[in-house]
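Right, one structure below, let's go through it.
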Amino acid sequence: MAPISIQLDRISKRFDHTVKGEVYAVREVSLAVEQGELLTLLGPSGCGKSTTLRMIAGFEEPDEGTISIAGKDVTHVLPNRRGIGFVFQNYALFPHLSVFENVAYGLRVQGRDGPAIARAVGDVLELVGLAHYDRQQPHQLSGGEQQRVALARAVVFQPEVLLFDEPLSNLDAKLRVEMREQIRALQKRIGITTVYVTHDQEEAMAISDRIAVMDRGEIVQQGSADQLYYRPASEFVARFIGRTNILPGRVVSAAEIEIEGLRITLATGRATGETVQLVVRPEMIELGPSAGDPVEGRIAARTFLGEKTDYLVTLGGSTLQVSATDHYRRPPLDVGQPVGVRFHPEGLHVLA
Amino acid sequence: MAAGQTASWRRVAADPALLTAILAVWILLLLFVLYPLAHLLERAFFDESGFTLEPLLASLVDSGHQAAFFNSLILATAVGVLGTALGFLFALTAVRAGLSRHWLTFLDAAALLPLVSPPFTTSIAIIFSFGPRGFITHDLLGLTNVSAYGFWSTMSAETLTYFPIAYLTLRPILAAIDPNLEEMAFSLGGSRWRIFRTVTVPLAVPGFANAFLLLFAASLADFATPLILAGNSFPVLPTQAYLQITGLFDFKGGAVLSLILLVPAVAVFLLQRAWVGRRTYVTVTGKVGQRSRSRAIAPWASALLVAACVAVAVIIIYFYALLLIASLVVAFGANNSFTLHHYEVIFTEGLPAIRDTLIIAAIGMPLGGFYGVLVGYLIARRNFPGRRAMELVAMINYALPGTIVGIAYLIAFNDPPVALTGGVLIIVACYVFRYSPTGIRATVALLQQIDRSLEEASSSLGAGSGETFRRITLPLIAPAFFAGLGVVFIRSMTAISATIFLVSISWTLITVRILENMTEMALGPAAAFSVFVIVVVFIVVAGLSAILVRLRAPAAGAAARSFLGG
């Protein structure tokens, strides 16, 4: 295991709310980011992810807990002594400075000499694909170009860690995908420890080594994208990452459960008769002819999306989201049509 | 979320530049704001037997004083509202009417004339025009027996004199409102009038409040205009207090009277804070959108705006033409033959006053400009214990009527431990702490529109707070800095209300000489002095503008170009 680069130990941040009084923006968050890792803080707006990031950067001071970077306690260290590169949502390019001077800023502050600055800035602009933009003013650039200048500026002085605060939310969808790939490639190439904040689960899954999901100021689950997808720890995580069905299941024996009257072989380790919550992803449910099933479903809606077809299927008292990807070789199902629903044990996850 | 940064001494102590700045500002505020004020209060409320309210109560029941109190409020409110409206008219025209450079320069020059003039100039022009032997009332209309004195003439003179403050406050704010916002509202199907009401005006609200406050306070504090124009029928507090002291040598009574003026000044200040303080207006971010020429104002409305501004500009220019003519004729209205005699007078026997005034202005200008930006930055951007107290204390000398500041300085610095009376430092200090709040407010207003992330970016790139201020904040708030610089210089050349108490045999001022000339009915030299002051101020302000153009401060956009006039 790589050494720990950023360590948050039970940090909290409170705010005075005019109506609710004192509220926690961040509550007892602990987190360890390994050297060279890209960790994403993912959550809905107001969950405390940006505040956490801003505390790592030093823009906010935690009310409790400690923050260390590279083994050094920086809880009360000013942002300019932390050695962090920060990429802002609005890019925060200095409007009165050229692209070159924006990128050179951190080096000028360090007092590097002119030729060294010119070389370093030239290299990093090359790296982000803006080699000939050095004399432009920020307002002459497109959003994507401004974003790349912001990125170049944040990495040029070789910071200890790199922090991103929703860097792509001002870009259009196509550019967003392109930029996140660039960011990921650059991060891997220079091997810099990175914390990335976003509310977009797809972006998080595409870019991260590890994701920490936050809800109401607390980290509710950490893990790789597939862990979060296949083994969500809570209904919140299951619903936030991807689309999901949450279905009630009844334990009928040690090795069997029943969902809406359908029996499935699944060892839950729970007592017989107990009701459990089951996470089932739409693509893990199979629709077929209802060959003598005790209970059959009925197609309530169909949406053709190209790579897949989404169905809403009523089954007993539940409505299921189901995705089918095999209509290139089978005719699609019609609304109102009765249908057989198959669950697979591998596609069922029991919530604690 | 950024609003929640806690104010702690630990945070401040970790930042030597910040700590030094805060301590330095507090020491200055203690010495030049609180210390004189404490002395004044002591003089007003203590006699040999200790604390007493008797002089205050006696003053409050005096019906003449009550009339003066209400007159002052009515006058200040009228000047605040009309001046803000006029300033907004000019700012809107300059920013949105799509005028050519030449028209803009013309409007700027006309609007700024009153601001760069010594006191009495509008008053003199009004008397020349509307007095018993006035050019308009007597020569053109053939009226006799008219009075140019009272509420209407005082209010008109003060509005014309002070509305440029509102113009300077509102123009950069309007310029910083992205026309895209208006475009967007326009595209949503709003009528132009609706957009103006629901987008443009609300975004300019901090500017309105600032402008109204500045004008209200300026009118409350002004005694030069009412001294000449208000006459006996319309007494106001500052003149009453001034006459109490110079006429009756009743320092205690004058001090008490001017202290009453403190109540409305403080009330307006607190009202403004409560109203504007809760809203944030970030329209300048590091992300630069496409700027478009605004179509949010209809062509006929543009024409109307321009026509109104030109009408006002013509009135102002007419007044100043009168002043220029009066300085070049033997005796205006009586003997209109050409002479340069008045200028000979001011450059011979008037020379010491000219020299002293220029030295004082030259010292005060850089000090005041830097002080204003520093305090504005600390208040708007840094979080430290006592921030609000600092904001309040920094505004005191501005909000106080000039007479009270003058008397307070006179009492406080007459004797050891800090004996400054008679010297140059006392006058410079008076100007810096009395007129920098314009720069403070301009800085705060501008900073409210610059996203914090720019400073955070600088900080994350390794710059300390001092370096961030120098490299990022200062260039972005350069328009405010030069506005502060300009205002301190202009006031150093033109103010009288406070410093009339502080001049001495070794250090005197042009404005005081003008007042002396006017009381001796030597209107020619008074006019010549005024013309001289206007010319000097215009040269310096033009120089500042040239520097500003070279600095290219995009935060204020095109507003920076002709910010202080051509």
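Nothing in this text is a laboratory measurement; each read-out follows from the coordinates by a stated rule. Not measured: the values here are computed from a predicted model. Please note: Cβ atoms are built from the backbone with ideal geometry, for glycine as well, and neighbour counts cover all protein chains shown.
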Please identify every one of the trypsin sites (Lys or Arg not before Pro) in region A:221-272 that sits in a loop by DSSP and has no more than 12 other beta carbons within 10 Å of its own beta carbon. A:Arg243
Percent relative contact order for region A:1-77, counting Cα pairs under 8 Å at least six residues apart, stands at 38
Using amide H atoms built 1.01 Å from N in the peptide plane, name the residues 5+ places from A:Leu41, or on other chains, whose amide H lies under 5 Å from its own. A:Tyr196, A:Val197, A:Thr198, A:Ala212
Gap in Å between the Cα centre of region B:16-62 and the Cα centre of region B:437-473? 32
One finds, for A:Glu28 and A:Arg263 with R0 = 45 angstrom and r their Cβ-Cβ distance, a FRET efficiency to the nearest 0.05 of 0.60
Once phi is turned into θ = phi - 60°, what whole-Hz ³J(HN,Hα) does the Karplus curve with 6.51, -1.76 and 1.60 give for every residue of region A:26-35, x standing for Gly and Pro? 9, 10, 6, 8, 10, 7, 10, 10, 7, 3
Sticking with the crude label model, points 7 Å out along Cα→Cβ, report the distance from A:Arg298 to B:Leu262 in nm, one decimal please. 8.2
How far apart, in nanometres, would the label points at A:Ser169 and B:Leu23 be if each is projected 7 angstrom from Cα along the Cα-to-Cβ direction? 4.1
In nm, spacing of pseudo-spin labels at A:Glu283 and B:Ser49 (7 Å Cα→C-beta vector): 9.5
Counting alpha carbon pairs within less than 8 Å and at least 6 residues apart, what relative contact order, in whole percent, applies to region A:245-350? 29
Which trypsin sites (Lys or Arg not before Pro) does region A:123-219 hold that lie in a coil by DSSP with at most 13 other beta carbons within 10 Å? A:Arg135
Determine the sum of side-chain charges near B:Glu349: Lys and Arg each +1, Asp and Glu each -1, restricted to other residues whose C-beta is under 15 angstrom from that of B:Glu349. -2
How large is ³J(HN,Hα), in whole Hz, for each residue of region A:246-254 in order, when computed from phi with the Karplus curve 6.51 cos²θ - 1.76 cosθ + 1.60 and θ = phi - 60°, using x for Gly and Pro? 10, 10, x, x, 10, 6, 9, 7, 4
Average projected area [Cα convex hull, the protein assembly as shown], square nanometres: 49.7
Taking every DSSP beta bridge with both residues inside chain A, roughly what % is antiparallel (nearest 5)? 75
How big is region A:245-350 in terms of Cα radius of gyration and Dmax, in angstroms? 14.0, 43
Amide H to amide H under 5 Å from A:Val161: which residues, 5+ apart in sequence or cross-chain, H placed 1.01 Å off N in plane? A:Gly85
Can you tell me, using C-alpha contacts under 8 Å and at least 6 residues apart, the relative contact order of region A:4-240 as a whole percent? 27
Per-residue average of other protein chain Cβ atoms inside 10 Å, peptide A:50-60 -> 3
Based on the mean of other beta carbon atoms within 10 Å per residue, what is the order of B:321-333, B:77-89, most packed first? B:77-89, B:321-333
From other protein chains only, count the Cβ atoms within 10 Å of every residue's Cβ in A:75-84, then give the mean. 5
With θ taken as phi - 60° and the coefficients 6.51, -1.76 and 1.60, list the Karplus ³J(HN,Hα) couplings across region B:403-410 in order, rounded to whole Hz; mark glycine and proline as x. 4, 5, 5, x, 5, 4, 4, 4
With region A:26-157 reduced to its Cα atoms and the Debye formula applied, log10 I(q)/I(0) at q = 0.09, 0.13, 0.20 1/Å amounts to -0.32, -0.65, -1.18
Taking the highest mean first, how do the peptides B:59-70, B:499-510 order by number of other beta carbon atoms within 10 angstrom per residue? B:499-510, B:59-70
Per residue and in cubic angstrom, what volume does the convex hull of the Cα atoms of region B:12-70 have? 136
Which stretch or stretches of region B:322-343 have amide N atoms under 19 Å from the point lying 7 Å from B:Met521's Cα along the Cα→Cβ direction? B:326-327, B:329-337, B:342
Chain A shape via C-alpha gyration tensor axes, a/c threshold 1.5: prolate
Give me the inter-chain shielding for B:461-474: mean count of other chain Cβ atoms within 10 Å, whole number please. 5
Rounded to whole angstrom, the alpha-carbon centroid of region A:124-200 lies from that of region B:217-271 at a distance of 60
Relative packing of A:106-114, A:76-84, B:461-469, which averages over residues the other C-beta atoms within 10 Å, highest first: B:461-469, A:76-84, A:106-114
Restricting to bridges with both residues inside the protein assembly as shown, how much of the DSSP beta-bridge set is antiparallel, in percent to the nearest 5? 75
Using r as the Cβ-Cβ distance of B:Asn335 and B:Val535, and R0 as 25 Å, what FRET efficiency do you calculate, to the nearest 0.05? 0.50
Within straight-line cross-link reach of A:Lys49, lysines at Cα separation under 24 Å, skipping those fewer than 8 residues along the same chain: A:Lys13, A:Lys20, A:Lys72, A:Lys188, B:Lys287
Using modelled amide H (1.01 Å from N, peptide plane; none on Pro or chain starts), what sits under 5 Å from the amide H of A:Val220, excluding residues fewer than 5 places away? A:Val213, A:Met214, A:Asp215
With viscosity set to 1.306 mPa s and temperature to 10 °C, compute the Stokes-Einstein D of region A:66-137, Rh being the Kirkwood radius across alpha carbon pairs; µm²/s, no decimals. 114
